[in-house]
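Single-structure report; data block below.
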Amino acid sequence: MCRLTLCFFFLQLVSLLLIGIAAWGIGFGLISSFRVVGVAIAVGIFLFFIALVGLIGAVKHHQVLLFFYMIILLLVFIVQFSVSCACLALNKEQQSQLLEVGWNNTNSARTDIERNLNCCGFRVFDLNETCFSDCFRSHQCQPCAPIIEEYSGMVLRFVGGIGLFFSFTEILGVWLTYRYRNQKDPRANPSAFL
């Protein structure tokens, strides 16, 4: 029970970290996209409630709650493991294509990147386009693609590694839940099953 409670605490900590990082990013103006922040907060709240369901199931030794916790945690593991492996498997060309698609499909992220990295345009600096960086006034901006590509590989490796670490702790939680779920409830009447 102690190991299982530690897994629930760990999952609650991860969920609160997600919520806190999203709030911190929007508070300091690093992220202006409400979609990104909304998704991070929603995932954090979802993980928090899942951990709470598992904790209540473990304390009450409720078989159904533990079963649903185990299944949902297994699904979260599969998704997180897949995304982590995808982050680690992208080569430079795929990263460049992914960044260009992201650049062309969003305006709010584009303005944040131009403002924070002090660059204009993706591959080519064009004076006819609008740009929100400080270098635009002096017309001495460099394109954003080389700056973003410099950091994207490092960030993807970091996110992939962190995701793999947390995914293996989740599979440990699934295994511990399975083991605990199959134990008899010590508070139950042993003659009730006869």
Handout entry: Inter-site label distance for residue 60 and residue 78 at 7 Å from Cα along Cβ, in nm
Key = 2.7
Handout entry: the range 20-170, accessible surface, carbon-and-sulfur percent (1.4 angstrom probe)
Key = 70
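What number comes out for the charge environment of residue 94, summing +1 per Lys or Arg and -1 per Asp or Glu over other residues with Cβ under 14 Å away?
Every neighbour counted, the sum reads -1.
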Practice task
Arrange the residues 154, 70 by how much accessible surface each exposes, largest first, with a 1.4 angstrom probe.
Solution key: 154, 70
Problem - Distance (nanometres) between label positions extended 7 Å along Cα→Cβ at residue 179 and residue 140 - result: 6.4
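The values are calculated or read from the model by the stated rules, or taken from the named source; none is laboratory data. This structure is a prediction, so every number in the text was calculated from the model and none was measured. Ideal geometry is used to build each Cβ from the backbone, glycine not excepted, and the neighbour counts take in all protein chains shown. SASA here: full protein model, heavy atoms, side chains in, ligands and nucleic acids out. Shrake-Rupley method; radii C 1.70, N 1.55, O 1.52, S 1.80 Å.
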